[in-house]
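*Asks:* Okay, here's the structure, questions in a sec.
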Amino acid sequence: MNSLKLAKKIRINCIKMVNLGKSSHIGSALSIVDILSVLYGGILNFDPKKPLNEERDRFILSKGHAGVAVYATLAEVGFFSTEVLKTHCQNGSKLSGHVSHKDVPGVEFSTGSLGHGLPVACGIAMAGKIAESSFNVYVLLGDGELDEGSNWEAMMFASHHKLNNLTVIIDRNNLQSITTTDKTLNLEPLEAKLMSFGMDVSVVDGHDHIELYESLKTKSEKPKLIIANTTKGKGVSFMENSVDWHYKTPLGVYFDRAIQEINESSL
């Protein structure tokens with residue numbers, strides 16, 4: 001599947017879903033769309049007709065508040081009908097505001113409370129090693145989420161056990177809650193810190209599909225970690241680099257402008 005076309009469909013779905021559900025976190029969702037479209041458009045080994053196939057690659061979204069992007073992706077690649085997306089964050093819907101695996105094919109693990117995705121991914125990767133399985137595990141974290149100590153413990157575990165079937169992706173959009181990550185809790189020098197934990201670290205443009213693809217396809221003897229530099233709210237000019245759209249719902253003229261910009265974009 002063409003990852004650029006997939007990304008545009010995901011972005012439009014995200015805007016519509018958050019609008020209909022009167023929900024939030026659209027900026028967080030838009031920053032990871034290109035990562036998801038490359039993963040599901042050419043990296044992950046999966047069969048939407050057999051979502052529990054033992055040899056499938058596993059993907060976990062640790063920043064669960066951006067779950068709308070995962071739901072939209074799964075629908076577009078065939079795990080369930082895109083019609084289901086219209087129920088997002090509404091009474092009785094299976095598609096909750098934070099990503100949930102309950103009755104949603106393709107979702108491996110429910111997240112929302114930050115710092116849980118990577119430890120679980122390490123456990124799955126370790127189980128795969130013990131069973132001599134061929135699957136790989138991918139986990140996507142937010143940069144603000146790195147404030148959680150459980151992530152650093154998990155990195156030590158991954159490095160110690162040489163989990164080279166694990167790939168960690170950090171959505172480095174530099175914004176967190178109400179301000180920047182550096183003002184909240186300075187992460188720098190981030191690349192050097194991550195390397196000191198024994199990870200195979202690379203830095204890419206998180207919106208460049210070729211860079212993402214080549215980095216994700218590269219093999220390593222160590223656990224891989226990709227710092228993906230992204231823009232919060234990517235694809236909608238008035239949402240980009242704005243903490244407001246961590247919380248606001250695109251209604252009325254904001255909804256219309258967002259859909260128009262994405263449709264007219266070359267992204």
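Every number in this text was worked out from the coordinates using simple rules, so none of it is lab data. Just so it is clear, the model here is predicted, and its values are computed rather than measured. Using ideal geometry, Cβ is built from the backbone for each residue, glycine included, and neighbour counts are taken over all protein chains shown.
*Asks:* For the chain, what is the charge dipole size about the Cα centre, in debye to the nearest 20, if Lys and Arg each add +1 at the Cβ and Asp and Glu each add -1 at the Cβ? Mind showing how you got there, number by number?
*Replies:* On the way: 27 positive and 30 negative charges, 127 e Å.
Taking the Cα centre of the chain as origin, the dipole is about 620 debye.
*Asks:* Just grab the label-to-label distance for His101 and Lys50, each label 7 Å out from Cα along the Cβ direction, in nm (one decimal).
*Replies:* 1.9
*Asks:* If the cut-off is a Cα-Cα distance under 16 Å, which lysines reach Lys234, setting aside same-chain residues fewer than 8 apart in sequence?
*Replies:* Cα-Cα hits under 16 Å: Lys5, Lys8, Lys9, Lys16, Lys248.
*Asks:* Could you list the residues of region 47-90 with an amide nitrogen less than 20 Å from a label point located 7 Å from the Cα of Lys219 in the Cα-to-C-beta direction?
*Replies:* Counting backbone N atoms under 20 Å from the label point, the list is 55-58.
*Asks:* At 7 Å along Cα-to-Cβ for each site, give me the label-to-label distance between Val84 and Val253 in nm.
*Replies:* 3.7
*Asks:* Right, here's the next one. Write down the Å³ per residue value for the convex hull defined by the alpha carbon atoms of region 136-263. Present the calculation step by step, with values, prior to reporting the outcome.
*Replies:* Numbers: hull volume 14.5 nm³, N = 128.
It is 113 Å³ per residue.
*Asks:* May I have the extent of the alpha carbons of the chain along their three principal axes, as whole Å values ordered from largest to smallest?
*Replies:* Extents along the principal axes, in whole Å: 52, 44, 33.
*Asks:* May I ask you to list the trypsin sites (Lys or Arg not before Pro) in region 125-193 that are in a DSSP loop and have at most 13 other Cβ atoms within 10 Å of their Cβ? Walk me through the numbers on the way to the answer.
*Replies:* Details: sites: Lys129, Lys162, Arg172, Lys183, Lys193; in loops: Lys162.
Sparse-neighbourhood loop trypsin sites (Lys or Arg not before Pro): Lys162.
*Asks:* Determine which lysines satisfy two conditions relative to Lys129: a Cα distance under 20 Å, and not lying fewer than 8 residues away in the same chain.
*Replies:* In chain and number order, the partners are Lys162, Lys217, Lys219, Lys222, Lys224.
*Asks:* Can you tell me the alpha carbon radius of gyration of region 92-202 divided by the globular rule-of-thumb value 2.2 N^0.38 Å?
*Replies:* Details: Rg = 15.1 Å, N = 111, 2.2 N^0.38 = 13.2 Å.
Relative to the 2.2 N^0.38 Å estimate, region 92-202 comes out at 1.15.
*Asks:* Also, I was wondering about something else. Would you work out the relative contact order for the chain, in percent, from Cα pairs under 8 angstrom that are 6 or more residues apart?
*Replies:* Details: 534 pairs, mean separation 64.2, N = 267.
The normalised contact order for the chain reaches 24 percent.
*Asks:* Give the distance, in whole Å, between the Cα centre of region 64-100 and the Cα centre of region 228-262.
*Replies:* Computed from Cα coordinates, the inter-centre distance equals 19 Å.
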